[in-house]
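> One structure follows; several queries about it will come next.
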Amino acid sequence: MTMIIVGSLVVGMLCGYFLLPGGLPFLSSITDGALALLLFTVGYDLAQGGDLRQKIKDLPRIALAVPVLVILGSLLGSLVGTLFIDLPLGEGVLVGAGLGWYSLSAVIIAQSYDVTLGAVALLTNVFREVLAILLIPIIARKLGYLPAIAPGGATTMDVTLPIISQSTDSQTTIVAFYSGTVLTALIPFLVPLIIKLLQGF
């Protein structure tokens, strides 16, 4: 799976650079349609056999804590990361609070705090999504299924959900969707809260 993902990414980059530098018409619609189809197949696979309710009932209790653990891990990782770059600790945490949702977090930071940091947040969370797509199959194989949810952050409810579904099992896919949904709902509150803390209210 990892090789297919990396290969597809490289082929896409080469085509974009050498063959179609002007871009493909309707590329956005094609991307949206492909993602919708992938999510449809994930939902179909989860419901196949008619035991979806039982799968949800059988989820371990730790599953409820997954979004909280992802937030703590992301903020702590951002805090540690700022020690190696020229960025204040609080601003590093603010960038990490995007949790992979690059479009919204970047806009909030740019409008409410700093345009340059908003650009940093955009690039950081885009890179997080790309790395998540590449690393999820490896983490699932080496560290276990639940840890494979963490890299995706908020994207586990959409973009990275098919990767998780392919790399883990149906129960982990349910947890991933739940985690991504909770994180997506929290980001519009978490990012402004950290901005207010940095600004001293």
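A short reminder: the numbers here are calculations on the coordinates, not readings from a lab. As the structure is a computational prediction, the values presented were derived from the model and not from experiment. Here Cβ is always computed from backbone atoms with ideal geometry, including for glycine, and neighbour counts include all displayed protein chains.
> How high is the relative contact order of the stretch 77-152, given as a whole-number percent (alpha carbon pairs under 8 Å, six or more residues apart)? Working shown, then result.
Details: 83 pairs, mean separation 16.7, N = 76.
Relative contact order here is 22 percent.
> Contour minus end-to-end for Leu198 and Ser103, with contour as 0.36 nm per residue of separation and end-to-end as the Cα-Cα distance? Write down the numbers at each step before the final one.
On the way: separation 95, 0.36 × 95 = 34.20 nm, distance 2.11 nm.
Roughly 32.1 nm would be gained on extension.
> Express in whole angstrom the spacing between the alpha-carbon centres of the stretch 62-97 and the stretch 98-156.
If you average the Cα positions of each part, the centres end up 11 Å apart.
> With springs connecting C-alpha atoms under 10 Å apart, model the chain as a Gaussian network and identify which of Ile187, Ile163, Ile149 has the largest mean-square fluctuation.
Ile187
> With labels modelled as points extended 7 Å from the Cα through the Cβ direction, what inter-label distance (nm, one decimal) is found for Leu83 paired with Ile62?
Taking the simple label geometry, Leu83 and Ile62 are separated by 2.5 nm.
> Next question, about the same structure. Mean separation of Cα pairs under 8 Å and 6+ residues apart, divided by the residue count of the chain: what relative contact order is that in percent? Before the final figure, lay out the partial values.
Working: 223 pairs, mean separation 44.7, N = 201.
Answer for the chain is 22 percent.
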